[in-house]
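Just so it is clear, none of the values below were taken in a lab; they were calculated from the coordinates. Source: prediction; values computed, not measured. Quick reminder, even Gly has a Cβ in these numbers, built from the backbone with ideal geometry, and neighbours come from all protein chains shown.
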Amino acid sequence: MTQRAISVSGLSLSAPIPAGVPAGMPAGIPFDRLVLPPAFLRRTVPNARPLRQIRPLQPLPALLEEIRACHACAEVLPLGPRPVLQASATSRLLIVGQAPGAKVHASGIPWDDASGERLRAWLGIDSATFYDASRVALVPMGFCYPGRGGGGDNPPRPECAPLWHEKLIGQLTNVRLTLLVGQYAQRYFLGNRRKASLTETVAAWREYAPDFVPLPHPSPRNQPWLKRHPWFGHDVLPALQERVGALLASTKPRARDAQSARKDSTMTKPAIDIQRVYEPLPEGGHHCFLVDRLWPRGLSKEKLANVEWLKEVAPSTALRQWFHKDPEQWTEFRKRYLDELNANPDGWQPLAEAAAAGHVTLLYGSHDTQRNHAIVLREYLEKKLQHK
């Protein structure tokens, strides 16, 4: 077997050419003549597996029909085979989930349950958009309901991915963003780029953008996880909704590419996270700053030994006390605090410089995770960085 340079979508690589391919075949092989592994399509060429074959692709409608007729696991599926998925050659958003639940198996409609309702809320899109295959592909790791075990639904059947995923995902060439919902999707697509846990992988979501966003499963059973990690709602969902909205708003992909690229940049820029100072401190290169004017009650200096205290960036004592007496004055508080920040560049400038250089976390002590000065401060810093 010989090596030949192959150019694909402006990229070049050397790959083994199977026996039987004519020696005179030109080096530039059209993209639609290649069956490439997901790793290549993910733009992770250095880690890509060898090209398996060069042949004309099976038409997507025929492939979907074949998948929906699959009986490979019929003997071990408690309710029998019923592959559930949605895809189109024009899909721009790919959502890779786990496996259908019993309700989805009964209806034959992907994400037709409480988890789907929450997922659509996370994305900020309605059902009509979600179920528009021309824009959204819904491809679980296992296409059929796998039955229940001791702790809930069983994992996706392991036969699905080797049988179908490479063929199917290789045809979704218009996909610009893939959402990896749950650990099984993250393991398959991210491989050794995953972190040690799902929480750490989701927390590092900007490392995988703009191609991927890892998400927890939106099941109601995950409500405790969401309560323990409010940063998911503060940090991940607003950027995700902005990206998805821009991606799906256009019916003319070519005209949208430049705008999509600008949205990509907002997802990959250094992150500014916020969290209560009483939660476990983040790991993995975050530079943490305490942005309260008062030291948090009950915490020792040793506990926050690696945290930098920037109390001068906090609201003035008078403003803090005024807002504490009447938290309903949130809008007015926000306006007054922004005025204080504008008049105090020496207070916020160190934070802006740190955020421009890497990942930072703003720590605050308030019990209110929806209305506190750290939220205002982050918005202020993000705008400053955008205009640099």
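Worth pointing out:
- Fully extended contour minus Cα-Cα distance, from Asp211 to Asn342, at 0.36 nm per residue: 43.6 nm
- Shape of the stretch 280-356, Cα gyration tensor, a/c cut at 1.5: oblate
- Efficiency of FRET between Asp126 and Ala356 - r from beta-carbon atoms, R0 45 angstrom, step 0.05: 0.75
- Annotation: Cα Rg of the stretch 176-253 relative to the compact-globule expectation 2.2 N^0.38 Å equals 1.12.
- Whole-Hz Karplus values for the stretch 342-355 come out as 4, 8, 9, x, 5, x, 9, 4, x, 5, 4, 5, 5, 5 Hz, taken residue by residue from phi with 6.51 cos²θ - 1.76 cosθ + 1.60 and θ = phi - 60°; glycine and proline positions read x.
- Projecting label points 7 angstrom from Cα along Cα→Cβ for Ser316 and Tyr278 puts them 2.9 nm apart.
- When the charge dipole of the stretch 67-147 is built from unit charges on Cβ atoms (+1 for Lys and Arg, -1 for Asp and Glu) and taken about the Cα centre, the candidate among Leu79, His105, Ser127 whose Cα reaches farthest toward its positive end is Ser127.
- Among the lysines of the stretch 272-386, pairs that are 8 or more positions apart or on different chains and have alpha carbons within less than 29 Å of each other number 10.
- Sparse-neighbourhood loop sites, GluC sites (Glu not before Pro) in the stretch 308-347 - DSSP loop, at most 10 other Cβ within 10 angstrom: Glu328
- When only the Cβ of Lys, Arg, Asp and Glu is charged (+1, +1, -1, -1), the dipole of the stretch 60-268 relative to its Cα centre reaches about 420 debye.
- Over the stretch 60-268: Kirkwood hydrodynamic radius from C-alpha pairwise inverse distances, Å: 17.5 Å
- The length gained by stretching the chain between Thr90 and Arg187 to full extension, at 0.36 nm per residue less their Cα-Cα distance, is 32.4 nm.
- Descending by average beta-carbon neighbour count within 10 Å, the peptides 185-197, 235-247 line up as 235-247, 185-197, the highest first.
- Simple label model, 7 Å out from Cα along Cβ direction - Glu75 to Glu159, nm: 0.9 nm
- Under 5 Å from the amide H of Phe212 lie the amide H atoms of Thr178, each residue being 5 or more positions distant or on a separate chain, with H modelled from the backbone and absent for Pro and chain starts.
- For the stretch 272-386, a simple Cβ point-charge model (Lys and Arg +1, Asp and Glu -1, everything else neutral) yields a dipole of about 240 debye relative to the Cα centre.
- Listed by chain and number, the aspartates and glutamates placed with their C-alpha closer than 16 angstrom to that of Lys167 are Asp32, Glu65, Glu66, Glu159; residues fewer than eight positions away on the same chain are left out.
- Ser300, Ser316 arranged by Cβ crowding within 10 Å, fewest neighbours leading: Ser300, Ser316
- Site pair Lys335 and Arg148 shows an inter-label distance of 5.4 nm when each label is modelled 7 Å from Cα along Cα→Cβ.
- Pairwise FRET efficiency - Gln223 versus Ser107, Cβ, R0 = 35 Å, nearest 0.05: 0.90
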